[in-house]
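Written below as structure tokens is the structure these notes are about.
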2 protein chains.
Amino acid sequence: MKKSDVIQLIFHNKLPVEPAREKGLAFAPTNIALCKYWGKRDSELNLPMTGSLSIALPDKGALTSLMLHDNGCDVITLNGKELPGDSAFVLRTTQFLDLFRPERKWFLKIDINMNIPVAAGLASSAAGFASLVSALNDLFGWKLSRRELSILARLGSGSASRSLWTGFVEWHAGVQADGMDCYAEQLKDEWPGLMIGIVSVAEGEKPVSSREAMQRSVDTSTLYTAWPRKVARDLVILRQALHVKNFSLLGGTAESNALNMHATMISSWPPVCYFLPETIAMMHKVWDLRRSGLEIYFTQDAGPNLKLLFLENDKDKIFEHFPQVEMIQLFE
Amino acid sequence: MKKSDVIQLIFHNKLPVEPAREKGLAFAPTNIALCKYWGKRDSELNLPMTGSLSIALPDKGALTSLMLHDNGCDVITLNGKELPGDSAFVLRTTQFLDLFRPERKWFLKIDINMNIPVAAGLASSAAGFASLVSALNDLFGWKLSRRELSILARLGSGSASRSLWTGFVEWHAGVQADGMDCYAEQLKDEWPGLMIGIVSVAEGEKPVSSREAMQRSVDTSTLYTAWPRKVARDLVILRQALHVKNFSLLGGTAESNALNMHATMISSWPPVCYFLPETIAMMHKVWDLRRSGLEIYFTQDAGPNLKLLFLENDKDKIFEHFPQVEMIQLFE
């Protein structure tokens, strides 16, 4: 099944081509998975092998504004700078827009502002695609539900399906081949005392893209065959931990889930290793602090940086041990 | 089933108590597993979940000499220094000897000389227990087969079952509850050009013993459930690689196997991580060198140090990139 078939399923052959207003505008937060998305059951539609669960960073994300224009091509400005038409970012965005304009009859002036620290391993494509589909929905007056927007955002980037909401969000793996049961939903729980701290240990390009890395885990890691069982278990525990506000359970499960994801990478061939010496040093520091009684956990995505999980009460101690940390409040 | 039952099975209730000669003497090499032993199906008898395959370091190991004496207790000298009677080493050795003297009627003066670099993560207990049972066999004139000695050595330390031979050795997991089909055997293949380089990145006590670490993998890592399938596959490939002398296949399989073992550790809870920043730095160095065309692989045991695998032809280049390496010739 192709992406364009999914578009037909959502719009029932009634793709609006006239804008409902002059400008479409939307913000979408980035998200950090406590239970990771790792491995696809369909790489065309970005259908995942398993469900996943994330927390949005409410103030970090992408604000996208759209206007139709007659240039004959899309013009994209990122953080005030116009991007070259042949850049990977523009090509990927244009290709995505083509899903909604099979005959390429309209073009957009796209202005994206992201306040996500670059190279901190914060999924910028998640916030980017989620804000893009929301802004399209706004511009054309599609009046789609968030669930439908989640499905559309997924076609751009898997984890973008989770960036339509703030708070805790669960993305369902679904079982259908068309992915119409594969969307995210906001969980009811809120947790005002919960915090995330971002510690950058290294900058620079990833050696392997997460798209390629997850495919390699699926294709070559024998241990990966047990990953879906690990996720099924962690999702149950995380939902329960959120419900009863058990921070040790939440933090431990998130950390274990991330380490299991990286375990499926180092067990691939050729091995994929996002650990840098600094990453390992910081892990040992977290474990030492935890042994000394401080409730602190980490999670790690497809990059070398760690995201610390802790409670607001321990804010000062965390800052003392990690002076370079950027702390993020997750709830008002 | 208890260890003492295994002793009965081997000696048929005819445990000799009279020495056949004045002094028992034996050397046993240490060994490095290319396919790791990780996880037990019986922790009393050290029966492993899977088979494993190792290469002996022919000149590195333990030389043990034994004499009966009448002190009423065992006296152990390690590298010329008498060990305190309450040290862990003496207690573990005495406990092992008690298997052969249920009534504690005789005692030994034990002199062990090990030329294994301390804190390099080279299994000293493997060489130690293998040389101890061989020296006992010599002293008491048991005339046991190597296979029987392998079974006895296993009761002291699992990987000691592989230290009765030089060259490539495979340890069979067996299926019997008494472990009488769980012993090692020497493989026919020799590989004169093959070399191992030991690079010490860090010294000091392990944070978690390998005994405890493997048990934690078995008990808490979901990914561990796929480890036996990985090993089954790697054993077939390694045997084939030895047979056809395909070094890339041997090195790649050994490296992948080690990384899979460590993957089952970091996916445990609490996580077990023998990686230090220096370990990861050296891994990236190996991967960079390999990408640049140098055929070099690594393996890692339950410690922070890497053991490099390479061919004699590349000796000079390896020495250039790792000046601190200790190179070990595996065959004459």
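Remarks
- For residue A:255, the stated conditions hold: it is within 30 Å of residue A:321 (Cβ to Cβ), within 13 Å of another protein chain (Cβ to nearest Cβ) and touching a strand residue (DSSP E or B) at 6+ places or on another chain (Cβ under 9 Å).
- Considering the conditions (1) touching a residue at least 12 places away in the same chain (Cβ under 8 Å); (2) within 13 Å of chain B (Cβ to nearest Cβ); (3) surrounded by 22 or more Cβ atoms within 10 Å (Cβ to Cβ); (4) touching a helix residue (DSSP H, G or I) at 6+ places or on another chain (Cβ under 6 Å), residue A:266 is excluded by exactly one of them, (1).
- Among the residues of region A:304-312, some residue qualifies, meaning at least one is within 27 Å of residue A:40 (Cβ to Cβ), more than 11 Å from every other protein chain (Cβ to nearest Cβ) and in a loop (DSSP other than H, G, I, E, B).
- Residues that are of a type in the set (D, E, K, R) and within 14 Å of the chain's Cα centre (by Cα) were ranked within region A:117-167; the one that is farthest from residue A:181 (Cα to Cα) is A:162.
- Check on residue A:264, within 17 Å of residue A:51 (Cα to Cα), assigned to a helix (DSSP H, G or I) and among the β-branched types (Val, Ile, Thr): yes
- Here B:160, B:226 are screened, and the one residue that is in contact with a helix residue (DSSP H, G or I) (Cβ under 9 Å, 6 or more places away or on another chain), farther than 30 Å from residue A:262 by Cα and of a type in the set (Gly, Ala, Ser) is B:160.
- The residues listed here are A:298, A:319; of these, the one that is more than 30 Å from residue B:290 (Cα to Cα), away from chain B (no Cβ under 13 Å) and modelled with pLDDT of 95 or more is A:319.
- The criterion of being surrounded by fewer than 18 Cβ atoms within 10 Å (Cβ to Cβ) and acidic (Asp, Glu) does not hold for residue B:74.
- Close contacts from region A:130-152, counting a first residue that is over 16 Å from residue A:18 (Cα atoms) and modelled with pLDDT under 95 and a second that is part of a loop (DSSP other than H, G, I, E, B) and among the aromatic types (Phe, Trp, Tyr), with Cβ to Cβ under 7 Å and a gap of 6+ residues or different chains, come to none at all.
- Lone qualifier among B:48, B:58 - being in the same structural domain as residue B:159 (by TED's automatic domain parsing) and over 14 Å from residue B:126 (Cα atoms): B:48
- Pairing residues of region B:280-300 that are free of Cβ contacts under 8 Å to residues at least 12 places away in the same chain with residues that are among the hydroxyl-bearing types (Ser, Thr, Tyr) and in a strand (DSSP E or B), at Cβ distances under 9 Å and at least 6 apart in sequence or on separate chains, gives B:290/B:297.
- Search result, residues across region B:17-39 that are more than 18 Å from residue B:330 (Cα to Cα) and of a type outside the set (Lys, Arg): B:17, B:18, B:19, B:20, B:22, B:24, B:25, B:26, B:37, B:38, B:39
- Listed conditions (1) modelled with pLDDT of 95 or more; (2) within 14 Å of chain A (Cβ to nearest Cβ) are all met by residue B:246, apart from (2).
- Counting only strands (runs of 3 or more DSSP E) that fall entirely inside region B:27-85 and contain at least 3 residues that are in contact with a strand residue (DSSP E or B) (Cβ under 9 Å, 6 or more places away or on another chain), within 30 Å of residue B:17 (Cβ to Cβ) and aliphatic (A, V, I, L, M), the qualifying elements are B:52-69, B:75-78.
- Residue A:240 being more than 14 Å from chain B (Cβ to nearest Cβ), free of Cβ contacts under 8 Å to residues at least 60 places away in the same chain and in contact with a Cys (Cβ under 9 Å, 6 or more places away or on another chain): no
- Filter pass, residue B:13 being closer than 16 Å to residue B:98 by Cα and polar (S, T, N, Q): yes
- Of the residues making up region B:271-303, those that are farther than 15 Å from residue A:280 by Cβ, part of a loop (DSSP other than H, G, I, E, B) and among the hydrophobic types (A, V, I, L, M, F, W, C) are B:294, B:296, B:302.
The values are calculated or read from the model by the stated rules, or taken from the named source; none is laboratory data. Only a predicted model underlies this, so the values are computations on that prediction, with no experimental measurement involved. Virtual Cβ from ideal backbone geometry, glycine too; neighbours counted across all protein chains shown.
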